[in-house]
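Taking it in order: structure first as structure tokens, then the write-up.
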Amino acid sequence: MGSKKQTRSCIALWLSLAPALVLAQPAPDDAERAEGEAQYTLFCAECHEGAMLEAPQRAAFELYTPRRIVDALEFGSMATSGMALTRAQKRNIAYYLTGDRYDEARIETVGFNCEATRAASSPLTRAVAWNGWGGTAGNTRHQANETILNKSNVNQLQLKWAFAFPGATRTRSQPVVTPEVTFIGSQDGTVYALDNANGCPWWTFTADAEVRGAIFVDTTDAGVPETLLFGDFSGQAYAIDAHTGALKWKTDVHAHPQSTITGSVIAHQDTVIVPVSSLEVLLAARVGYSCCTFRGALVALDIRTGEERWRTYTTDEPRPTILSTAGIQQYGPSGAPIWSSPTIDAQRNLVYAGTGENYSSPANAYSDAVLAMDLGTGQIVWSAQLTRDDAWNGACSRGTPNCPEENGPDYDIGASPILTRDENGRELILVGQKSGMVYALDPANDGTLVWERRGGSGGTMGGVHYGMSSNGEKLFVGISDLPTNNPYNVGEGHPGVHALQLSSGEILWRNDLPNKCEPGPFLCWQGISAAVSSTADVVFAGGLDGILRAFDAEDGSILWETNTRQSFGTRNGIAATGGSIEADGPVIMNGQVFVTSGYEKWAEAPGNVLLVYSLNGE
């Protein structure tokens with residue numbers, strides 16, 4: 001159950017990270033450290049020192065607490081490895097990696113030594129300026145109401161304030177903003193309401209696990225925040241009071257033990273729509289894992305009670321198929337997760353969701369597809385599959401037995417579909433895919449293809465990852481195209497930002513970004529994995545190299561840039577460091593740009609900050 005804590009005059013805010021934790025202790029016997037090193041070498045080093053691309057690199061563990069490592073080995077993402085270890089061995093690994101001992105008898109507290117400009121009991125009065133993942137129901141990621149920031153003054157942006165998340169090495173929850181407050185989740189599950197004047201907390205709420213998506217705010221008729229809706233990494237959906245952080249309800253949305261919520265929830269009228277994905281795609285790399293039984297889903301909940309209204313799966317129920325070459329029973333079909341926020345089409349009473357690949361054979365018709373579901377019943381009205389016969393899991397990149405016969409190409413649709421109108425007034429659904437392809441579908445004709453265009457070479461870590469943006473004249477596409485894409489890439493890579501004509505898909509301009517990386521322990525690459533955002537004449541995008549840039553929407557030229565991959569000193573009493581910008585796109589409001597920085601997976605640079613830029617830092 002989540003716990004809520006409030007500041008009064010915000011002299012200090014204390015967070016309890018119960019259950020028990022992790023503080024530095026007098027040095028233990030050298031034998032315990034040596035035991036930790038030996039077990040790390042045996043069970044962990046192969047993946048965390050280069051063999052498994054998605055695993056955090058060894059250098060990132062210096063920023064972890066012992067609790068995070070022990071929890072991962074006991075019931076988190078490394079629990080299957082941890083099954084072979086005793087409790088003492090897990091704690092010794094944590095000591096070896098962090099230099100601190102796990103203490104089960106004590107609780108860690110963190111003090112935020114900053115003062116908010118309002119009392120926690122003061123009611124919110126200002127309307128939401130950027131809500132949910134895409135800012136609008138159409139997920140356009142376009143701030144049409146921005147009148148202060150433009151291409152003539154964007155080069156005057158300076159850091160206004162920064163907030164450092166305690167104990168974090170990645171920031172994956174995109175902020176949601178009003179003129180008064182920023183709502184944002186964090187890696188340890190804490191949800192914050194931050195004073196927009198200086199970034200100090202008004203209140204916090206503690207979820208059961210990491211909050212990765214953007215929060216969706218249910219508002220009054222005047223647009224004032226009323227209820228915050230979000231999901232966590234353990235597959236729980238929440239509603240909390242926007243004014244106090246008090247829990248209203250919590251619902252477990254999927255029975256599979258590896259299910260999770262990585263995409264942002266969205267709401268329409270009295271219904272919350274929750275996308276469900278899973279970690280089984282990685283666990284399938286284990287030789288002894290019986291692959292695979294998760295099936296993606298979209299789940300609708302009552303906004304007042306959290307009770308389920310409907311659920312729609314993206315595959316039939318998995319059944320036993322064959323034995324793997326290791327003699328382990330296989331199941332299928334499976335997978336087709338929904339990684340990103342759904343998109344509402346109120347006019348047609350539909351919700352659109354993009355799906356990922358199947359995890360096991362046989363591949364089905366709803367993977368790598370856009371699904372249109374009835375908002376009232378969840379019935380699939382139409383589907384548009386963009387890549388057929390895509391079944392893939394982590395075993396394929398490691399050569400272990402659970403790789404399905406299709407063996408890829410792992411072309412997820414990880415970016416939310418955009419519902420908008422082109423320059424001629426025609427409605428389109430715009431879809432970006434890891435394949436590097438961009439598509440326009442016709443919502444008035446059951447998703448029929450209008451045009452398609454290759455934006456980049458694509459691949460497992462290529463193409464479009466987290467999101468595109470449209471200003472009603474152009475579609476702005478961020479392309480990652482990491483050089484590790486083989487064997488699923490096609491043609492020349494275009495890491496950078498590019499503009500397409502909405503009506504035809506014609507490429508209007510490209511900006512293949514330069515490599516400004518310096519040697520270091522973490523991956524650095526100029527590609528754009530994080531979502532792109534726009535105003536009428538400016539496009540904002542953050543790179544895997546940590547550089548946040550503003551581009552001229554007319555010709556793609558760079559108007560302003562700043563490197564977030566650096567130390568920001570001590571903020572709110574905590575050391576603040578930026579890193580790679582991997583997932584969350586910039587949020588724009590009243591002359592300000594909000595962006596998170598830091599992501600320790602995929603060998604990228606860790607970090608723990610929310611950064612807010614404004615004109616001249618004011």
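Summary table below
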{"read-out": "Filter on K160/K250; K516/K601; K160/K434; K250/K474 - keep pairs with C-alpha separation over 32 Å", "value": "K160/K250; K160/K434; K250/K474"}
{"read-out": "Length-normalised contact order for the chain - Cα pairs under 8 Å, 6+ apart - percent", "value": "13 percent"}
{"read-out": "Anisotropy class of the chain from Cα gyration tensor, a/c 1.5 cut", "value": "rounded"}
{"read-out": "Mean residue ellipticity (222 nm) of the chain, computed from DSSP H runs ≥ 4 via -39,500 (n - 2.57), nearest 500", "value": "-2000 deg cm²/dmol"}
{"read-out": "Residues whose placed amide H lies under 5 Å from that of I266, excluding near-sequence neighbours", "value": "I273"}
{"read-out": "Placed amide H near R212: partners under 5 Å, 5+ positions off or other chain", "value": "F233"}
{"read-out": "Dimensionless Rg/Rh of the range 256-414 - Kirkwood Rh, Rg from C-alpha atoms", "value": "1.00"}
{"read-out": "Per-residue ³J(HN,Hα) for the range 137-150, Karplus 6.51 cos²θ - 1.76 cosθ + 1.60, θ = phi - 60°, Hz, x for Gly and Pro", "value": "4, x, 6, 6, 6, 10, 9, 6, 8, 6, 10, 8, 8, 8"}
{"read-out": "³J(HN,Hα), Karplus 6.51/-1.76/1.60, whole Hz, each residue of the range 399-416, x for Gly, Pro", "value": "x, 9, x, 7, 5, x, 5, 5, 6, x, x, 6, 9, 3, 9, x, 9, 5"}
{"read-out": "Cα gyration tensor shape for the range 124-169, rounded if a/c is under 1.5, else prolate or oblate", "value": "oblate"}
{"read-out": "Among 157-165, 406-414, the order from most to least packed when residues are scored by Cβ within 10 Å on average", "value": "406-414, 157-165"}
{"read-out": "FRET efficiency estimate (nearest 0.05) - Cβ-Cβ, D446 to Q269, R0 22 angstrom", "value": "0.35"}
{"read-out": "Estimated vicinal HN-Hα couplings, Hz - the range 451-461 in sequence order (Karplus 6.51, -1.76, 1.60; Gly, Pro = x)", "value": "7, 9, 8, 7, x, x, 6, x, x, 4, 10"}
{"read-out": "Per-pair calculated FRET efficiency, R0 = 56 Å: S557 and T244 via Cβ, rounded to 0.05", "value": "0.75"}
{"read-out": "Three-way shape label, the range 463-618, alpha-carbon gyration tensor, a/c 1.5", "value": "oblate"}
{"read-out": "Residues whose placed amide H lies under 5 Å from that of N471, excluding near-sequence neighbours", "value": "F476"}
{"read-out": "Cα-Cα P(r), the range 150-218, percent of pairs per 10 Å interval", "value": "19, 48, 25, 8, 0"}
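Values quoted throughout were computed directly from the atomic coordinates according to the rules given, and no laboratory measurement underlies them. Every value quoted in this text rests on a predicted model; they were computed, and no experiment measured them. Ideal geometry is used to build each Cβ from the backbone, glycine not excepted, and the neighbour counts take in all protein chains shown.
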